[in-house]
1. Rank Trp43, Val68, Gln20 by how far each Cα sits towards the positive end of the charge dipole of the range 2-211 (+1 on Lys, Arg Cβ; -1 on Asp, Glu Cβ) and give me just the farthest.
2. With helices defined as uninterrupted DSSP H runs, which ones in the chain have an alpha carbon span along their own long axis of at least 27 Å and mean Kyte-Doolittle hydropathy of at least 1.6?
3. Mean residue ellipticity at 222 nm from the helices of the chain, using -39,500 (n - 2.57) per DSSP H segment of n ≥ 4 over the full residue count, to the nearest 500 deg cm²/dmol?
4. Test of understanding: what is the full-extension gain from Arg140 to Gln16, defined as 0.36 nm times their sequence separation minus their Cα-Cα distance?
5. Residues of the range 112-129 with backbone nitrogen within less than 14 Å of a virtual label 7 Å along the Cα-to-Cβ line of Val31, please, listed as ranges.
6. How many lysine pairs does the range 2-211 hold where the Cα atoms are under 24 Å apart and the two sit 8 or more places apart or on different chains?
7. Please arrange Thr59, Thr165, Thr13 by counting, for each residue, the other beta carbons lying within 10 Å of its beta carbon, fewest first.
8. Only Cα pairs within less than 10 Å get springs; with that Gaussian network setup on the chain, which residue of Leu108, Leu21, Leu137 has the largest fluctuation?
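Every number in this text was worked out from the coordinates using simple rules, so none of it is lab data. Please read these numbers as outputs of a predicted model, since none were measured by experiment. Here the Cβ is made from the backbone with ideal geometry for all residues, glycine too, and neighbour counts use every protein chain on show.
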Amino acid sequence: MIEQHRRIIEKLTDRQVVEQLYFTQVLMLIVSFLLGIFMFDHWTDFTALWQVHDMRILTYGIGGALLVIVVDAIVMKVFPAHMYDDGGLNEKMFKNRSIPHIVWLTLLIAFSEEILFRGIVQQQFGLEIASIVFALLHFRYLSKILLFILVVSISIFLGLLYEWTGNLFVPVMTHFVIDLVFACQIRLKYRGRDEHGRNVENEEKKGATDKHP
C-alpha cells in the first residue's frame, strides 16, 4: 500500500500536494466546528479548553516535543529507512517550501488536528476512542508496522498530554514543534543537496573551461 501511495504522490506536483494539505486541514476545522455545535452546550465550554497563560505549554509542550524528537532520532539510527518510509509525502510537501511557509503549514496542521482529535473526539469520547479513530485514518501505514506504531504512539502521547494538563494549547505546541523540526530537516536536507549539485556542476563547467581556453 505504501508503494501504491508513493506512485500516487510522484504523479502530483508540489503545488497539488500543498493544495491537498490545505483542503484536508480546512475540512478538519469545518468538521470540528459542526461537531462542536452539537457536543458543546456553550461556546465558553470550548474556549475553556484553551489556557494561554499556562506555563505547561512550554514545559510539557516543548519538553514533550523534544522527547518525541529524541526517540525518533534513536529509531532512525537503529532501524533501516525503509521501515519508516512514508512514501515520500512529507518530502514532497516541505522540500521546496520557504521557512515561513513551513511555520504556517505546521501551525495549521497542529491546530486543526488537535482541535478535532483532542478538543472534539477525546473530550467527548475519551483517549481510547480518539486513538482508534486516529489509527483508522492512518490505515495506509499498516504495511509499515514500525511507522504505524510510531504515528499511533505519538497520537496517544499527545492525548496523554491533554489528559494530564486539560489544556489544548499543550498538545498543539507539542505537535507544532515536532512537525516544524522534521519539516525544517527535510527542507535543509534538500537545500543542501541542491547546493551540492550546483557546486559539482560549477566545478565541471570550470574544468571544461580550463581544458578549452
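1. Result: Gln20, furthest along the dipole toward the positive end.
2. On the way: long enough: 14-39 (37 Å, 1.22); 145-165 (30 Å, 2.21); 169-211 (62 Å, -0.62).
Membrane-span-like by this criterion, though nothing is claimed about a membrane: 145-165.
3. Details: 9 runs with 154 residues, N = 213.
When only DSSP H runs of four or more count, the value is -24500 deg cm²/dmol.
4. 42.6 nm
5. 112-122
6. 13
7. Least to most surrounded, the residues fall as Thr13, Thr59, Thr165.
8. Leu137
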